[in-house]
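Enquirer: The structure's right below; bear with me while I get my questions together.
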Amino acid sequence: MSEITPEVMAQLDALQLQYMDALGRKDMGAWLATFDAEGAYVCKTLEAEERGLGIAFILDDCHDRLKDRVQFVTRVWAGTFQDYQPRHFAQRVSCRSVGVDLIEMRSNFSVMFTRSDTLKTEVFAAGQYIDLISLAKDKPLFRSKTAITDAPLMAHYMAYPI
């Protein structure tokens, strides 16, 4: 496995920023564009991770389910939930090569949200992203993104991915 160059690290950080920006703009198409054709997204609790439980808040285990997530948020649920403004923050804490053109990156995250009714800002969730990133194409893309929340409950229902 090869050393990760500063240029690749900058590309990984840019991918994470693109992901967070898409969610902050509630642009589900741009969110989907951060995943490769084998992409998967999972959101689960730290307890479920530590105990090896196969339960999750979101288990989009293939690219077709990611596309379904986009349809649910933009069409099925549109206008049926009290919207909120999410703001994502992440800091890379580790990065290592795990195979040919594959990088595992871990980042701590926090997500704040502002309620549309009260305009009050609160902590939505905090935890860690565990990302598997493909470098096979002309730019890095998530092969998988797992959001592990520290707490078992969130302050609000989750319409958008974390």
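Enquirer: Report, ordered by the first and then the second residue, all pairs with beta carbons closer than 7 Å, sequence separation of six or more or different chains, a first member in region 133-145 that is in contact (Cβ under 8 Å) with a residue 60 or more places away in the chain, and a second member that is in a loop (DSSP other than H, G, I, E, B).
Expert: Listed by first residue and then by second, the contacts come to 133/140; 134/101; 134/140; 135/101; 136/101; 141/34; 142/34.
Enquirer: Within region 46-65, which residues are over 13 Å from residue 32 (Cα atoms), open to solvent by less than 70 Å² (accessible area, probe 1.4 Å) and touching a strand residue (DSSP E or B) at 6+ places or on another chain (Cβ under 6 Å)?
Expert: Passing the criteria: 46, 56, 58.
Enquirer: Determine, yes or no, whether residue 21 is among the acidic types (Asp, Glu), part of a helix (DSSP H, G or I), surrounded by 15 or more Cβ atoms within 10 Å (Cβ to Cβ) and at pLDDT 95 or above.
Expert: no
Enquirer: So, residue 91, is that one touching a strand residue (DSSP E or B) at 6+ places or on another chain (Cβ under 6 Å), under 24 Å from residue 114 (Cα atoms) and exposed (fewer than 13 other Cβ atoms within 10 Å of the Cβ) or not?
Expert: It is true that residue 91 is touching a strand residue (DSSP E or B) at 6+ places or on another chain (Cβ under 6 Å), under 24 Å from residue 114 (Cα atoms) and exposed (fewer than 13 other Cβ atoms within 10 Å of the Cβ).
Enquirer: Just give me the residues in region 115-136 being assigned to a strand (DSSP E or B) and exposed (fewer than 15 other Cβ atoms within 10 Å of the Cβ), in sequence order.
Expert: Of everything in region 115-136, those that are assigned to a strand (DSSP E or B) and exposed (fewer than 15 other Cβ atoms within 10 Å of the Cβ) turn out to be 121, 122, 123.
Enquirer: How many of the residues in region 131-162 are of a type in the set (A, V, I, L, M) and farther than 18 Å from residue 8 by Cβ?
Expert: Qualifying residue count for the region: 9.
Enquirer: Restricting to region 24-40, and then to whatever is within 20 Å of residue 112 (Cα to Cα) and out of contact with any helix residue (DSSP H, G or I) (no Cβ under 6 Å at 6 or more places or on another chain), can you tell me which residue is least open to solvent (accessible area, probe 1.4 Å)?
Expert: Of everything passing the filter in region 24-40, 24 is least open to solvent (accessible area, probe 1.4 Å).
The values are calculated or read from the model by the stated rules, or taken from the named source; none is laboratory data. Just so it is clear, the model here is predicted, and its values are computed rather than measured. Don't worry about glycine lacking a Cβ; one is built from the backbone with ideal geometry, like all the others, and counts go over all protein chains shown. Quick note on the areas: whole protein, heavy atoms, side chains included, nothing else; ligands and nucleic acids left out. Shrake-Rupley method; radii C 1.70, N 1.55, O 1.52, S 1.80 Å.
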